[in-house]
Amino acid sequence: MTLQTSTERLLLSGITKEYPGCRANDAIDLRVNAGETHALLGENGAGKSTLMKIIYGVVRPDAGTICWQGKEVQITGPAHARQLGIGMVFQHFSLFETLTVAENIALSLPPQESKDMEALSQRIREISEHYGMALDPDRHVHTLSVGAQQRVEIVRCLLQDIKLLILDEPTSVLTPQEVTDLFRTLKTLASEGVSILFISHKLDEVTELCNAATILRNGQVTGSCNPQEVTGEDIARMMVGDDTPLNQDYEKTEGGDISLAVEALTFRPEDPFGVSLEGLNLNVRSGEILGIAGVAGNGQDELCALLSGEEIAESGRISLLGDEITRLLPEARREKGFAFVPEERLGRGAVPNMSLVDNSLLSASHRGLKKKGWINYSKVRDYALNVIDKYNVKCANEDAQAKSLSGGNLQKFIIGREIEQQPKLLVCSHPTWGVDIGAAILIRHALIALRDQGAAIVVVSEDIDELYQICDRIGAICDGKLSPFKATNEVGIETLGRWMAGQFEEHHAAEAANA
Amino acid sequence: MLKLEKRQSDSRLMAYLSPVIAIVATLISGSLLFLFLGHNPGEALHTFFITPLQDVYGWTELGIKVAPLVLCAMGLTLCYRAQIWNIGAEGQFIMGALGGGYCALQFLDAESSWVLVPILLAGMASGLAWGGIAALLKTRFNANEILTTIMLNYIALNLLLWAVHGPLKDPSGFNFPESAMFADAALLPLFNESYRLNISILFALFFLVVIWTLMARSWVGYQIHVMGEDAKAAKYAGFNSKVLTWVVLLACGALAGLAGVSEVTGPIGQVVPQLSPGYGYAAIIVVFLGRMHPVGILLASMLLALTFMGGEMVQIQMSLPKSLTGLFQGMLLFFLLAADLLIGYRVVFQPTSSRA
């Protein structure tokens with residue numbers, strides 16, 4: 001169990017930060033004690049990131065004070081923060097893929113410490129072993145799994161005399177096994193008196209790990225609690241407010257006729273870091289949601305691109321409702337009832353600098369929005385307004401640039417834009433990744449409603465809980481190969497974990513034949 | 001300490017204000033320059049920007065220069081919307097003049113103005129072909145269009161020099177590197193015999209409206225826009241970027257070619273080595289100064305046309321070098337690009353703290 005001390009390490013009072021058009025932080029008070037694992041919870045846009053950036057010195061507050069170990073300080077920048085003993089692991093890593101682990105770490109150290117690479121490698125080994133995060137300092141970063149890359153980031157923080165470690169959604173990229181390892185490390189750190197600020201959307205993780213929590217909503221603190229003493233439901237309630245329905249159990253279905261059939265699909269990507277797909281077989285029935293679990297970079301992107309028509313398979317066959325679509329262009333597939341929500345929202349699913357009206361046209365043009373090469377803008381506007389209204393997209397108006405929306409709101413817009421095309425087959429990549437609880441509930445609801453209308457849906461996700469919640473059949477992808485797919489309630493979490501790690505070869509041939 | 005902070009959404013006000021800032025900054029720098037050269041800045045600026053437009057003749061001369069600028073700028077707008085950085089309007093302009101001029105020289109005793117139709121088409125086709133080379137290099141070999149179009153400009157210029165020193169040289173022209181004068185029927189009709197202004201300004205206005213409509217309302221215009229903003233989104237939507245690259249480069253080539261052939265069948269009336277004072281390059285500035293908006297492009301074309309006339313005026317009246325034209329154009333672009341930073345960012349004042 002973690003050490004409980006009452007020594008105050010960090011005290012924020014009245015922190016306020018205003019951006020044009022929004023007050024990201026509004027008089028926030030936060031107290032983190034030594035050895036405390038403190039969760040910072042809130043929906044997207046609640047102000048968590050801004051607060052973290054203020055503590056790490058990236059952003060300066062407009063008002064308020066920061067007390068560090070009892071003394072008031074002005075944190076002038078990340079270097080100053082590190083000097084004080086504050087380390088931060090961002091959601092997106094800042095590592096050079098072509099350099100080794102030790103070289104990457106040396107880059108962030110003061111010059112005098114990084115001169116002796118031998119000694120540095122030795123220290124990296126010692127520290128990583130001490131905290132149970134095996135790391136080889138001589139490995140090149142691009143050969144590491146995402147989990148190992150995260151360990152590099154953490155070790156980089158631990159090399160200095162660290163007193164507060166900030167982690168921004170650290171588990172969103174990890175397998176369940178890697179999450180367990182990470183938590184073990186964090187508990188060791190806490191027992192040694194390091195304070196941890198833990199940002200997450202996943203309440204079960206917070207209740208497992210943290211012994212204090214602060215909840216933000218709209219830039220204000222709306223509650224604080226000890227997650228050990230309250231239920232996940234209580235916390236969720238504080239996050240979303242009183243009027244949003246929380247978790248819901250959706251009924252599983254068997255589905256109808258086969259809608260999407262993929263046979264012996266083979267693909268070799270031009271990108272040297274891409275994943276080859278070898279003889280994939282997959283059937284999706286109308287009226288069912290099929291979930292594909294897997295750690296990022298195991299061929300999900302390639303499979304989605306082949307289904308959407310952005311890439312064309314080398315061999316094999318894809319058919320939708322009996323029509324072969326293997327070589328059709330994306331627009332032709334859409335006309336046959338295909339829709340796709342890509343993983344990247346900004347910069348693929350939506351054009352950042354274009355308005356929501358223009359972004360509606362990106363994939364929905366075949367819904368009567370254009371005629372003989374001319375665009376009917378009044379219909380496009382109606383389409384956008386309908387999506388904004390129906391999916392509760394928060395935006396200035398329909399002419400707002402896509403990049404001005406928060407991640408969750410943009411995702412609601414994209415999902416809405418695709419679903420309103422009334423597709424026969426919807427492929428969704430990471431539908432609720434990094435999206436706040438309120439938006440995630442709405443999105444899952446919309447997917448279930450679409451399923452109940454008889455559409456076939458494929459959900460590719462790393463969020464296992466979500467897959468279990470909404471999918472009727474589930475399987476995994478690993479290293480460009482698909483595991484068997486079975487009814488969700490027949491697949492235990494351990495089995496799925498094994499499949500995600502690629503341990504399904506022996507059954508695979510037989511299962512594929514049955515599918 | 002001044003610091004740049006990213007705006008949440010691009011500032012629409014700054015997008016329109018930035019050209020104004022650039023023009024004001026250019027005028028200030030220009031004044032300092034004149035002062036440094038030992039001239040009264042007020043008088044010099046007056047000579048540069050006001051004197052050329054003090055009579056009807058001045059305005060008609062302005063129109064002659066606005067026409068090629070607008071044509072080239074509309075073609076470039078298409079390219080830049082798609083983020084195809086075509087610097088080659090100058091070469092396409094020259095090829096249009098050369099191809100059209102060659103055609104005109106085949107009809108030296110023409111009497112009907114219908115002869116203009118094949119001449120103009122030949123000019124457009126030549127420019128289009130020149131744009132097509134860049135498109136081929138881009139789509140087939142992935143060659144950077146900035147480099148290829150600049151190189152093609154020099155090739156076009158040297159082709160022109162070779163032609164006027166060789167095959168197109170007027171046999172009875174006392175060995176001057178010029179072609180014969182075109183037949184009167186092969187010249188663009190004038191509005192009024194006292195002025196040089198011809199119907200090329202109508203071509204310019206026509207294509208201004210056509211390209212604007214295409215960009216604002218057509219599906220292909222939308223595709224071009226998406227491709228320029230976000231290549232991955234264009235791929236997601238299924239737009240064919242190779243086809244779009246061909247479309248914009250060919251269209252720009254044809255428009256610049258029309259501008260070129262209109263120049264030789266207009267004010268010049270023959271093929272000469274100095275066909276263009278740099279319309280193709282100035283049009284690049286027009287596009288950015290005009291915010292890729294048709295009204296803006298028309299106004300910016302007038303300003304840039306004025307810099308050509310102002311340069312000549314200060315040369316005549318104050319014996320200052322004509323290259324001041326290029327200097328003013330350069331300063332405009334320089335200040336514009338700098339001011340454009342303020343569209344996406346804002347300047348905030350942050351008091352420096354005592355701690356480093």
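What the table shows:
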{"read-out": "Only one of A:Glu263, A:Glu278, A:Glu288, A:Glu270 that is within 22 Å of A:Lys336 (Cα to Cα) and open to solvent by 80 Å² or more (accessible area, probe 1.4 Å)", "value": "A:Glu263"}
{"read-out": "Residue list for the stretch A:67-103, filter: open to solvent by less than 30 Å² (accessible area, probe 1.4 Å), within 13 Å of chain B (Cβ to nearest Cβ) and among the β-branched types (Val, Ile, Thr)", "value": "A:Val73, A:Ile75"}
{"read-out": "The stretch A:57-85 residues that are on the phi > 0 side of the Ramachandran plot and in the same structural domain as A:Leu158 (by TED's automatic domain parsing), paired with ones that are open to solvent by 60 Å² or more (accessible area, probe 1.4 Å) and part of a loop (DSSP other than H, G, I, E, B) (beta carbon under 7 Å, 6 or more apart)", "value": "A:Gly85/A:Asp161"}
{"read-out": "Test set (1) touching a Pro at 6+ places or on another chain (Cβ under 7 Å); (2) open to solvent by 20 Å² or more (accessible area, probe 1.4 Å); (3) hydrophobic (A, V, I, L, M, F, W, C) - A:Trp374 fails condition number", "value": "(1)"}
{"read-out": "Residue list for the stretch A:406-436, restricted to those being hydrophobic (A, V, I, L, M, F, W, C) and surrounded by fewer than 22 Cβ atoms within 10 Å (Cβ to Cβ)", "value": "A:Trp433"}
{"read-out": "Answer residue from the stretch A:445-461, given it is crowded, with 24+ Cβ neighbours inside 10 Å and within 16 Å of the chain's Cα centre (by Cα) and is nearest to A:Val146 (Cα to Cα) among those", "value": "A:Val460"}
{"read-out": "Strands (runs of 3 or more DSSP E) contained entirely in the stretch A:31-76, each with at least 2 residues that are closer than 25 Å to A:Lys394 by Cβ and among the acidic types (Asp, Glu)", "value": "none"}
{"read-out": "Lone unmet requirement of (1) open to solvent by 20 Å² or more (accessible area, probe 1.4 Å); (2) touching a helix residue (DSSP H, G or I) at 6+ places or on another chain (Cβ under 6 Å); (3) modelled with pLDDT under 95 for B:Leu250", "value": "(3)"}
{"read-out": "Test: residue in the stretch B:258-273 that is more than 14 Å from every other protein chain (Cβ to nearest Cβ), surrounded by fewer than 23 Cβ atoms within 10 Å (Cβ to Cβ) and among the hydrophobic types (A, V, I, L, M, F, W, C)", "value": "yes"}
{"read-out": "Which listed residue is modelled with pLDDT of 90 or more and closer than 25 Å to A:Asp436 by Cα, from A:Ala396, A:Ala350, A:Ala364", "value": "A:Ala350"}
{"read-out": "Of all residues in the stretch B:1-29 being open to solvent by 100 Å² or more (accessible area, probe 1.4 Å) and in a strand (DSSP E or B), the one that is nearest to B:Arg291 (Cα to Cα)", "value": "B:Lys6"}
{"read-out": "Filtered residue count, the stretch B:211-242, keeping only those that are open to solvent by 50 Å² or more (accessible area, probe 1.4 Å) and either facing another protein chain (nearest Cβ under 10 Å) or touching a residue at least 40 places away in the same chain (Cβ under 8 Å) (or both)", "value": "11"}
{"read-out": "Pairs, first on the phi > 0 side of the Ramachandran plot in the stretch A:475-499, second open to solvent by less than 10 Å² (accessible area, probe 1.4 Å), C-beta under 6 Å, six or more apart", "value": "A:Gly480/A:Leu277; A:Gly480/A:Gly299"}
{"read-out": "Selection from the stretch B:88-113 of residues that are touching a residue at least 24 places away in the same chain (Cβ under 8 Å) and open to solvent by 50 Å² or more (accessible area, probe 1.4 Å)", "value": "B:Tyr102, B:Phe107, B:Leu108, B:Asp109, B:Glu111, B:Ser112, B:Ser113"}
{"read-out": "Filter pass, B:Phe48 being within 28 Å of B:Leu324 (Cβ to Cβ), at pLDDT 90 or above, open to solvent by less than 30 Å² (accessible area, probe 1.4 Å) and not small (Gly, Ala, Ser)", "value": "yes"}
{"read-out": "Close pairs from the stretch B:261-272: first at positive phi, partner open to solvent by less than 20 Å² (accessible area, probe 1.4 Å), Cβ under 9 Å, at least 6 apart", "value": "B:Gly269/B:Phe182; B:Gly269/B:Ala186"}
{"read-out": "Lone unmet requirement of (1) open to solvent by less than 40 Å² (accessible area, probe 1.4 Å); (2) assigned to a helix (DSSP H, G or I); (3) closer than 23 Å to A:Phe90 by Cβ for A:Arg123", "value": "(1)"}
{"read-out": "Qualifying positions in the stretch B:176-188 - open to solvent by 40 Å² or more (accessible area, probe 1.4 Å) and under 23 Å from the mean Cα position of the chain (by Cα)", "value": "B:Leu187"}
{"read-out": "Flag for B:Leu32 being part of a helix (DSSP H, G or I), more than 14 Å from chain A (Cβ to nearest Cβ) and exposed (fewer than 12 other Cβ atoms within 10 Å of the Cβ)", "value": "yes"}
{"read-out": "B:Gly42 vs. criteria assigned to a helix (DSSP H, G or I), more than 14 Å from every other protein chain (Cβ to nearest Cβ), small (Gly, Ala, Ser) and in contact (Cβ under 8 Å) with a residue 24 or more places away in the chain", "value": "no"}
{"read-out": "Strands (runs of 3 or more DSSP E) contained entirely in the stretch A:273-372, each with at least 2 residues that are more than 9 Å from every other protein chain (Cβ to nearest Cβ) and within 24 Å of the chain's Cα centre (by Cα)", "value": "A:289-293, A:338-341"}
{"read-out": "Boolean, A:Pro269 is in a loop (DSSP other than H, G, I, E, B) and assigned by TED's automatic domain parsing to the domain that holds A:Asn25", "value": "no"}
{"read-out": "Residue ranges of helices (runs of 4 or more DSSP H) in the stretch A:152-244 with at least 1 members at pLDDT 85 or above, farther than 13 Å from A:Ala39 by Cβ and open to solvent by 30 Å² or more (accessible area, probe 1.4 Å)", "value": "A:176-191"}
{"read-out": "Every residue from the stretch A:468-487 that is modelled with pLDDT under 90 and open to solvent by less than 10 Å² (accessible area, probe 1.4 Å)", "value": "A:Gly480"}
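The values are calculated or read from the model by the stated rules, or taken from the named source; none is laboratory data. Computed from a predicted structure; not experimentally measured. Heads up, the Cβs are rebuilt from the backbone with ideal geometry, glycines too, and the neighbour counts pull from every protein chain shown. Heavy atoms of the whole protein, side chains included, go into the accessibility calculation; ligands, DNA and RNA do not. Shrake-Rupley method; radii C 1.70, N 1.55, O 1.52, S 1.80 Å.
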